[in-house]
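Taking it in order: structure first as structure tokens, then the write-up.
Only the coordinates and a few stated rules stand behind these numbers; no lab work does. These figures come from a predicted structure and were not determined experimentally. As a convention, Cβ positions derive from the backbone with ideal geometry for all residues, glycine included, and neighbour counts pool all protein chains shown.
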Amino acid sequence: MSDRTERLLHIFLENFMPLLKAGLAFTVPLTLISFVLGLLLAVVTALVRLSDLRALAQLARFYVWIIRGTPLLVQLFIIFYGLPSVGITIDPFPAAVIGFTLSVGAYGSEIIRAAIISIPRGQWEAAYSLGQTRLTALRRIILPQAARVSVPPLSNSFISLVKDTSLASTVTFTELFQKGQQITAVVYEPLLIYCEVALIYLLLCTVLSTLQRRLERYYERYDAG
């Protein structure tokens, strides 16, 4: 084994655990927090858009239009670098959470809205015939069925969010990608380190994909079709 190969192997092994720890300690929590908050926002936005509250529905449409029509990177820059010009300063982690939450909320609301619309009208009528209110029917009958339909696309959104968190490095939050940049500046082996970063992202997404398939099988048990 040549000296060059030995050096690269040493660098790879030496930095694998620090990069993995950065992924588990920063990237995963950032993803989970942003996705949970974004999912809550998505449900509210979807329900508002389907409601008879025209003013709020228009506001929800405007929010979705803005977020879906502009790059996530630009949104993060506006939140972290732009808002201080009007006296609003947000730390890197909250800024990243806000940016990712808004993104998940907008895209997720469209998934949930489409899932609710896909439920046959007869389900609503059956609930009403049993004396249930619209809210009760939504909570007990419609949303559980919509949740089953939404699981695959929402799971894909979650996995995509894991990779999108690399953009948090642009607002100085030290997650997996930022940690890789820091290590690269010390060891001067960008190809090796960035490939190592990619490998860890791949491992994280593989684990999540496995969990996604199990979750889908769980919901398939309740598929009456």
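In debye to the nearest 20, how big a dipole does the range 3-220 give about its Cα centre with +1 on each Lys and Arg Cβ and -1 on each Asp and Glu Cβ? Walk me through the numbers before you get to the answer.
Numbers: 18 positive and 13 negative charges, 192 e Å.
The dipole magnitude comes to about 920 debye.
So how much slack lies between CYS205 and VAL186, counting 0.36 nm per residue of separation and subtracting their Cα-Cα distance, in nm?
Details: separation 19, 0.36 × 19 = 6.84 nm, distance 2.74 nm.
Result: 4.1 nm gained on full extension.
Going 7 Å from the Cα of ALA126 toward and past its Cβ, which residues in the range 186-220 have a backbone nitrogen under 19 Å from where you end up?
Under 19 Å, as judged by backbone N against the label point of ALA126, lie 219-220 of the range 186-220.
Kindly identify the chain as rounded, prolate or oblate by the Cα gyration tensor criterion: order the square roots of the eigenvalues as a ≥ b ≥ c, call it rounded if a/c is under 1.5, otherwise compare a/b with b/c, prolate if a/b is larger, else oblate. Intermediate values should be presented prior to the final figure.
On the way: a/c = 3.81, a/b = 1.75, b/c = 2.17.
Oblate, since a/c reaches 1.5 and b/c is not below a/b.
Among ILE111, LEU208, TRP124, which residue has its Cα furthest toward the positive end of the charge dipole of the range 3-220, with +1 on Lys/Arg Cβ and -1 on Asp/Glu Cβ?
Working it through, the farthest residue towards the positive pole turns out to be TRP124.
Just to verify a number: FRET efficiency for LYS163 and LEU13, C-beta to C-beta distance, R0 = 35 Å, to 0.05? Before the final figure, lay out each step's value.
Values: r = 24 Å, r/R0 = 0.70.
Once rounded, the FRET efficiency stands at 0.90.
Projected onto the charge dipole of the chain (+1 at Lys/Arg Cβ, -1 at Asp/Glu Cβ, origin at the Cα centre), which of PRO18, PHE80, SER34 gives the Cα projection farthest towards the positive end?
SER34
Counting only helical runs of four or more DSSP H residues, what would the 222 nm mean residue ellipticity of the chain come to if each run contributes -39,500 (n - 2.57) and the total is spread over all its residues? Each step should come with its number before you reach the end.
Numbers: 10 runs with 170 residues, N = 225.
Mean residue ellipticity at 222 nm (helix-derived): -25500 deg cm²/dmol.
Could you list the chymotrypsin sites (Phe, Trp or Tyr not before Pro) in the range 116-219 that lie in coil according to DSSP, counting only those with at most 15 other Cβ atoms within 10 Å of their Cβ? Intermediate values should be presented prior to the final figure.
Numbers: sites: TRP124, TYR128, PHE158, PHE173, PHE177, TYR188, TYR194, TYR201, TYR218, TYR219; in loops: PHE173, TYR188.
Sites meeting the loop and neighbour criteria: TYR188.
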